[in-house]
Amino acid sequence: MSDGTNLSERTPMPAKGNLTAAAKDLMLRNIAVTGLLALIVISTFLSPYFLTVDNIFNVLRQWTMVGLIAIGLTYVIISGGIDLSGGAVLALATVIGALVAPVVGSAGMIVIVILVGAACGYINGALITWGKVPPFVATLGMMTAARGLALILSEGRTLTADLAPEFVFAFGRGYLGPIPMPVLVTAVVFIVAAVVLKYTVYGRHVCLVGDNPIGAHRSGIQVESVIRSVYTLHGVLAAMAGLLFLGRLGVGEPTGGMLFELSGIAAVVIGGTPFVGGVGSILLTFVGLMVIGLTYNILNLLSVSPYAQDFARGVIIVVAVMFSIRREAKSRARR
Amino acid sequence: MTCKQMLHIAMLAGAMLAAPAAAAAQEVEIGVAQPNLEHPYRVGGVERAKAWGAEHPDVKLTIVDGRRDSATQLAGVEDLITRHVSAVVMSPNDSKALAPIADAAKRANIPLIIFDRKLDVPETDFAAFIGSDNVEMGRVAARFVIEKIGQEGKVIQLEGTPGASATVDRKQGFEEEMAKHPGITIVSYVGHYRLQEAVAAMEDAVTAHRDVKAVFAHNDTMAMGAAQVLEEQRLDGVVTVGMDGAKEGCEGVSSSRLTGSVYYPTMFPESLDLAMKVLAGETVEKVTFLDTPMITKETHDTYCK
């Protein structure tokens, strides 16, 4: 069993003395990073506004919500599953948050929203493990049901939330030096998630469950409870994204977070985590997220026609995934 | 027991059976079919319809949700026709997909009043249409922007969901009118009528275009998002214009975050009054267009209730 998170170890180094081949191999093994660097270099030439502190922090802040969902998705996909409910759970979280904030205050609201997210995620996990519902179907159901519940609770309206200034500062509009608070919060989650995945027993178990569930079961891992835990984690992170939404925009929006789950999945897959599970990296998910985020940003900065933008984004995502999957296939063949 | 007694009982039973039927015949039932009940515009319409219903206790309103799906809406309206409601007031989810309903209503002799969105059938197939012109709304917004910023400058347009008829029409009207002013440059972004998307697009837009003089958004939600970004980035004096003039737009204008909002009528109670006229046998205009005035600080009290 190779080290699960370190994708590069799956490809042996080429013979010594072949420098171009070595460089090519290095680039190919880190295709997402190479793509991101290329994107940054090209964009810097294309727009004078691109590589500015304000712009980069804008992009980071815009993608914090999808980022949190993508972290949850990385765990879920590594464990061999999929979760489509992220955007809807976010919307439900914002609506419930906006409804309970005036009653229980901002601190109580955070607790309730996180519990709601955990409940949604746990139900997903329970449906998959006890109900034997395939993850795609179970989470598709949750996606529809959570958004429906958000619409019922809000009566279809956008709810203005009455929030404590401290909450708005910490989760939305505040800055620490030049760094927006939501970016800081998300960065902490990314680091913790990366460390847990790579260096803890739990993280190793998640990889093993995705790589070989039968083997994991035989070696005494509670496979089903690991699976329930990753969906619960995903739900909690989606609810946390909802808190960032509330902090930043000040409203609970039942139609908010539309298609965030798909951007999240795209980020995970561009980061090289294969759909079959077993391996994956939080850091590379971040790289994938930035590939998508900066693509949106540069097209906007260049004022490219909005309709052409959708086309370009689609092509870029598919090309990025194509490269990372080819690399993955190659490394599997060599193994 | 005599024959007389038996007759009495039979008459009593007959009267008991007939009574509710007679009461139901007196009651007018209007079916209101909305393409969805989640969009604020639709929600606002339903609320105003219910308020109208409270003032007309003799009329029963049945609201049918199309759930953003033409087949669902078609089935819902078909049920109304099967139940023989007095009239159907409908905003079709899709102008072509819902077209068969006109024929069904005509055969059942139920007057059909179309509101907001057109139905793709000849004018003889429905009782009346009531709506507003989205292209004209775009023109109203453009004229207002010109009035505020003059003949020159950069305008950011935050578009709604691409391909939606409101988006296409509002964009067309706005750009048509602006084409008459060569000093104006329009840069367009898509915000999908949603807050978060509008905020993200606006952040990128003002990064590249700090010299922006006005923002025109296809709905108030996006205009409020733009206003938030302008506020955060301390860009003062930018004219912000939204559309729809529902609760959000009215609040935006009264709090000075929006310079103006083009009012799009919810068609309630107008469409219900129209239905009542048709039921009373009065002649009505086949096609009615309600005005789309500009809500500003000055006109706020007239249009915002």
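Annotations for the structure displayed:
- The stretch B:194-227 - residue that is in contact (Cβ under 8 Å) with a residue 40 or more places away in the chain and within 14 Å of A:LEU301 (Cβ to Cβ) and, of those, farthest from the other protein chains (Cβ to nearest Cβ): B:VAL212
- Checklist (1) within 20 Å of B:VAL168 (Cα to Cα); (2) at pLDDT 95 or above applied to B:ASN219, failing item: (2)
- Check on B:PHE289, in contact with a strand residue (DSSP E or B) (Cβ under 7 Å, 6 or more places away or on another chain) and either closer than 23 Å to B:PRO92 by Cβ or surrounded by fewer than 21 Cβ atoms within 10 Å (Cβ to Cβ) (or both): yes
- Scope the stretch B:228-270; condition more than 12 Å from chain A (Cβ to nearest Cβ), within 21 Å of A:ASN55 (Cβ to Cβ) and part of a helix (DSSP H, G or I); matching residues: B:LEU230
- Filter result for A:LEU244 (within 14 Å of chain B (Cβ to nearest Cβ) and either surrounded by 21 or more Cβ atoms within 10 Å (Cβ to Cβ) or more than 21 Å from A:THR129 (Cβ to Cβ) (or both)): yes
- Comparison of A:SER305, A:SER263, A:SER331, A:SER324 shows that the only residue that is modelled with pLDDT under 90 and within 14 Å of chain B (Cβ to nearest Cβ) is A:SER305.
- Of everything listed in (1) within 14 Å of chain B (Cβ to nearest Cβ); (2) free of Cβ contacts under 8 Å to residues at least 60 places away in the same chain, the single unmet condition for A:THR160 is (2).
- The lone exception for B:ALA164 - which of (1) within 11 Å of another protein chain (Cβ to nearest Cβ); (2) without any contact (Cβ under 8 Å) to a residue 60 or more places away in the chain it fails: (1)
- The one condition from (1) of a type in the set (S, T, N, Q); (2) surrounded by fewer than 21 Cβ atoms within 10 Å (Cβ to Cβ); (3) within 18 Å of the chain's Cα centre (by Cα) that A:SER79 does not meet is (2).
- Unique match (being among the small types (Gly, Ala, Ser), under 12 Å from the mean Cα position of the chain (by Cα) and under 21 Å from A:LEU153 (Cα atoms)) among A:ALA266, A:ALA241: A:ALA241
- Against the numbered list (1) more than 14 Å from every other protein chain (Cβ to nearest Cβ); (2) assigned to a helix (DSSP H, G or I); (3) touching a residue at least 40 places away in the same chain (Cβ under 8 Å), B:GLN172 comes up short only at (3).
- Top-ranked residue of the stretch A:126-142 - restricted to ones that are under 17 Å from A:LEU92 (Cβ atoms) and buried (at least 21 other Cβ atoms within 10 Å of the Cβ), ranked as nearest to the other protein chains (Cβ to nearest Cβ): A:MET142
- When residues of the stretch B:137-156 are limited to those that are buried (at least 24 other Cβ atoms within 10 Å of the Cβ) and farther than 22 Å from B:PRO265 by Cα, the one nearest to the other protein chains (Cβ to nearest Cβ): B:ILE156
- If you check B:VAL278, B:VAL262, B:VAL253 for being among the hydrophobic types (A, V, I, L, M, F, W, C), under 22 Å from B:SER132 (Cα atoms) and surrounded by fewer than 21 Cβ atoms within 10 Å (Cβ to Cβ), only one passes: B:VAL278.
- Filtering the stretch A:165-201 to residues that are touching a residue at least 12 places away in the same chain (Cβ under 8 Å) and either acidic (Asp, Glu) or surrounded by fewer than 17 Cβ atoms within 10 Å (Cβ to Cβ) (or both) leaves A:GLU166, A:PHE169, A:PRO178, A:ILE179.
- Hits in the stretch A:109-165 - residues which are of a type in the set (Lys, Arg) and part of a loop (DSSP other than H, G, I, E, B): A:LYS132, A:ARG157
- Checking each residue in the stretch B:27-47 for being within 14 Å of chain A (Cβ to nearest Cβ), not in a loop (DSSP other than H, G, I, E, B) and not small (Gly, Ala, Ser) picks out B:GLN34, B:PRO40, B:TYR41, B:ARG42, B:VAL43, B:VAL46, B:GLU47.
- Residue within the stretch A:211-226 that is more than 14 Å from chain B (Cβ to nearest Cβ) and within 20 Å of A:LEU68 (Cβ to Cβ) present: no
The values are calculated or read from the model by the stated rules, or taken from the named source; none is laboratory data. The model shown is predicted, which means the values in this text are computed figures rather than measured ones. Ideal geometry is used to build each Cβ from the backbone, glycine not excepted, and the neighbour counts take in all protein chains shown.
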